[in-house]
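Scroll down for the structure; my scribbles are underneath it.
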Amino acid sequence: MKEKTITLPKLKKVRIRGYRKLQKLPGRILNATIKQVGYKYYVSVCVEEELEIPVMSEKRAIGIDVGVKNMVVTSNGEYYKNADFLKKYERRIKGYQQELSRRKKGSKNYNKTLKKIEELYRKLKNARKKYLEEVVSKILKGKEIILVERLKVKEMLSKENNPKSVRKSISNVSFQTILQTIEYKCKWSGKTFHQISTYYPSSQICSECGYKDATMKDYGKREYICPVCKTKIERDYNASRNILQEGLRELKIAA
């Protein structure tokens with residue numbers, strides 16, 4: 001890693017970029033996979049490491065609610081906003097796509113414009129991935145049990161279940177990618193990852209007294225006001241606390 005090279009069969013030593021702070025790869029190297037994205041090449045190296053699996057404790061558990069307004073809200077009261085990278089690149093991509101439609105397919109100018117579009121999409125994808133990785137790493141730090149809600153994204157993206165504006169927001173946020181990132185990082189570091197039922201009404205239940213308010217199905221209601229115990233709590237924070245309690249119950253760990 002210090003020399004910034006990787007030795008591959010037939011190709012021998014190849015210069016690489018990335019992992020500026022990493023001095024060497026941890027563990028025993030098993031294999032390498034090379035992938036082409038547009039006009040760039042990426043290499044993924046699989047290594048084997050020994051991990052200690054910690055004993056589960058409710059004190060080191062956290063509930064996570066994934067949403068459109070805020071990307072992630074935790075049962076600790078932490079809010080992580082959606083970094084809408086799409087808006088930053090959307091206008092430029094649209095302009096190049098219009099330019100591409102005026103070019104003759106296969107011409108030099110056509111290929112140049114196509115390359116610019118591919119580069120913008122690559123930057124957008126990498127920016128999203130980097131932000132998500134940073135957020136998830138912060139959330140998991142010091143935690144051993146990660147509890148989330150199982151989401152049926154395909155159903156959420158159907159016309160019957162949500163209007164176009166909500167579907168676009170869900171698509172931009174990429175719920176599935178968030179959950180997959182949390183899951184793989186948990187497996188990577190030996191943490192417990194548990195998903196509660198899709199149909200558990202986490203947004204409708206008061207996290208203080210357990211009263212259920214069916215009107216909270218409305219996404220427009222951003223504050224939960226309990227008519228029984230008079231608790232006032234932000235919708236997503238309330239849901240994350242319920243996810244924590246339900247997840248611990250399913251795992252049979254006292255909350």
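For the reader, a short list of remarks on this structure follows.
- Test for residue 241: is it closer than 20 Å to residue 147 by Cβ, within 28 Å of the chain's Cα centre (by Cα) and not small (Gly, Ala, Ser): yes
- Among residues that are touching a helix residue (DSSP H, G or I) at 6+ places or on another chain (Cβ under 7 Å) and either modelled with pLDDT under 90 or surrounded by 11 or more Cβ atoms within 10 Å (Cβ to Cβ) (or both), residue 27 is not included.
- Residues of the stretch 92-118 satisfying the condition of being among the charged types (D, E, K, R) and farther than 25 Å from residue 180 by Cα: 92, 94, 99, 102, 103, 104, 105, 108, 112, 115, 116
- Some residue of the stretch 64-77 being in the same structural domain as residue 189 (by TED's automatic domain parsing), modelled with pLDDT under 80, surrounded by 11 or more Cβ atoms within 10 Å (Cβ to Cβ) and in a helix (DSSP H, G or I): no
- Selection from the stretch 144-176 of residues that are touching a helix residue (DSSP H, G or I) at 6+ places or on another chain (Cβ under 7 Å) and at pLDDT below 90: 151, 153, 156, 157, 161, 162, 170, 172, 175, 176
- Any hit, the stretch 99-106, residues being surrounded by 13 or more Cβ atoms within 10 Å (Cβ to Cβ) and either assigned to a helix (DSSP H, G or I) or aliphatic (A, V, I, L, M) (or both): yes
- Checking the stretch 48-60 against the condition returns no match, with no residue being in contact (Cβ under 8 Å) with a residue 60 or more places away in the chain, in contact with a strand residue (DSSP E or B) (Cβ under 6 Å, 6 or more places away or on another chain) and part of a strand (DSSP E or B).
- Selection of the stretch 1-52 for residues being on the phi < 0 side of the Ramachandran plot and of a type in the set (Ser, Thr, Tyr) yields 5, 7, 33, 39, 41, 42, 44.
- Within the stretch 92-139, the only residue that satisfies the criterion of being without any contact (Cβ under 8 Å) to a residue 24 or more places away in the chain, of a type in the set (Ser, Thr, Tyr) and touching a helix residue (DSSP H, G or I) at 6+ places or on another chain (Cβ under 6 Å) is 113.
The values are calculated or read from the model by the stated rules, or taken from the named source; none is laboratory data. Here the structure is a predicted model, which means the values were calculated and not measured. Here Cβ is always computed from backbone atoms with ideal geometry, including for glycine, and neighbour counts include all displayed protein chains.
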